[in-house]
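Values quoted throughout were computed directly from the atomic coordinates according to the rules given, and no laboratory measurement underlies them. Predicted model only: the values in this text are computed from it and were never measured. Neighbour counts are summed over all protein chains in view; Cβ atoms, including those assigned to glycine, are modelled from backbone coordinates with ideal geometry.
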Amino acid sequence: MPENRISQEQIDAFLGLFDYDAQMAIAAIQERSEQVNRLSTESKSKFIPTGKAVISVNNLEKAYKIGKQKIHALNGVSTTIYEGEIVAITGASGSGKSTLLQLMGGLDKPSSGTVTVNDNLISHMSDRKLSNFRNRTIGFVFQFFYLQPFLKLEKNLEIAGMPMRTKHKKRIEVAAKLATAVGLSDRLKHYPKEISGGQLQRAAIARALLNNPKIILADEPTGNLDSANGRTIIDLFEQIRKDFNTTIVIVTHDPIIARRADRIINLVDGKIV
């Protein structure tokens, strides 16, 4: 019976089949990986503004005089925030983050340059007109909650409607709805000292929403919170944007919080980089 021997050429060809299959498998894996990456990128794609410009700052300068020294907090900043965006302003301490936010909100006036909010040139408004405009248009949230310790939570929320002369009954109704929206309906009869830090910040957000502002400006809103409560607050901001189409600008030093925004404005020495 003849001996069946396999030649080296046959062995090489046989092994080549495995090489070919392996190459095809690797190529398939790479292609699938690229597809997953594309899908992941698409699912995490940032907000694409389709609405109008809500806040525009142009060539903004702000200088403070401390004794004989002049401090330049902002040096020619120009940017635009669009309707429905969540924008994070980041930068090192002293980079001008809070100064820019305050100028956007009309809490301070620039040394030069302009700030336009909802087509209103607020940098040139009188103090009285600006105050009325802020009450109607902008809600503020700060790192320190600024809730009155001697008032129960329901009263802390509803007094935000007093400058607008909203009727008492209406203020109570809106405050109750907002408390429910931020998960505090069972805390309305509590004093600030009786609730947690995360709950205090949610209360501050509800208060900022009482006058139905189109813009929320938040200065380090998670700065006094642990990471879990910080994520909860950002989740809440995203829900507010979804429910009310609110434009939200957040000053933050936390890169995790910043990455949750649609866009990041990074300041270095009073300039956008």
Under the rule a/c < 1.5 gives rounded, and otherwise a/b versus b/c splits prolate from oblate, where does the range 169-221 land using the Cα gyration tensor? oblate
What residues qualify as long-range amide H neighbours of Lys271, i.e. H under 5 Å apart, gap of 5 or more or another chain, H built at 1.01 Å from N? Asn75
Suppose the chain between Asn266 and Arg128 were pulled fully straight at 0.36 nm per residue; how much longer would it get relative to their current alpha carbon spacing? 46.5 nm
For the range 53-272, with +1 on Lys and Arg beta carbons and -1 on Asp and Glu, the positive-most of Gln69, Ile172, Gly94 along the dipole: Ile172
Assuming 0.36 nm per residue, please report the length gained on full extension of the stretch Gln69 to Phe244 beyond their Cα-Cα distance. 58.6 nm
Give me the net charge of Ala206's neighbourhood, meaning all other residues with Cβ under 12 Å from the Cβ of Ala206; Lys, Arg count +1, Asp, Glu -1. +2
Kirkwood-type radius of the range 88-177, with distances r between different C-alpha atoms, in Å: 15.3 Å
Assign one of three labels to the range 226-273, namely rounded, prolate or oblate, based on the Cα gyration tensor with a ≥ b ≥ c the square roots of its eigenvalues; rounded applies when a/c is under 1.5, prolate when it is not and a/b is larger than b/c, and oblate otherwise. oblate
Largest-first ellipsoid semi-axes for the range 189-273, taking √(5λ) over the Cα gyration tensor eigenvalues, angstrom: 23, 16, 12
Using amide H atoms built 1.01 Å from N in the peptide plane, name the residues 5+ places from Val54, or on other chains, whose amide H lies under 5 Å from its own. Ile81, Tyr82, Glu83
Along Cα→Cβ, 7 Å out, is where each label goes; now give me the distance between the ones at Lys155 and Lys167 in nm to one decimal. 2.3 nm
Can you give the relative contact order of the range 53-272 as a percent, counting alpha carbon pairs under 8 Å and 6+ residues apart? 31 percent
Pulled fully out, how much extra length does the chain show between Ala228 and His190, if you take 0.36 nm times their separation in residues and subtract their Cα-Cα distance? 11.4 nm
Using modelled backbone amide H atoms (1.01 Å from N, in-plane), which distant-in-sequence or interchain residues come within less than 5 Å of His190's amide H? Leu153, Glu154
Beyond a 21 Å Cα-Cα separation, which of these cross-linked pairs lie in this structure: Lys52/Lys242; Lys170/Lys214; Lys52/Lys167? Lys52/Lys167
How many Å³ per residue does the convex hull of the Cα positions in the range 53-272 occupy? 127 Å³
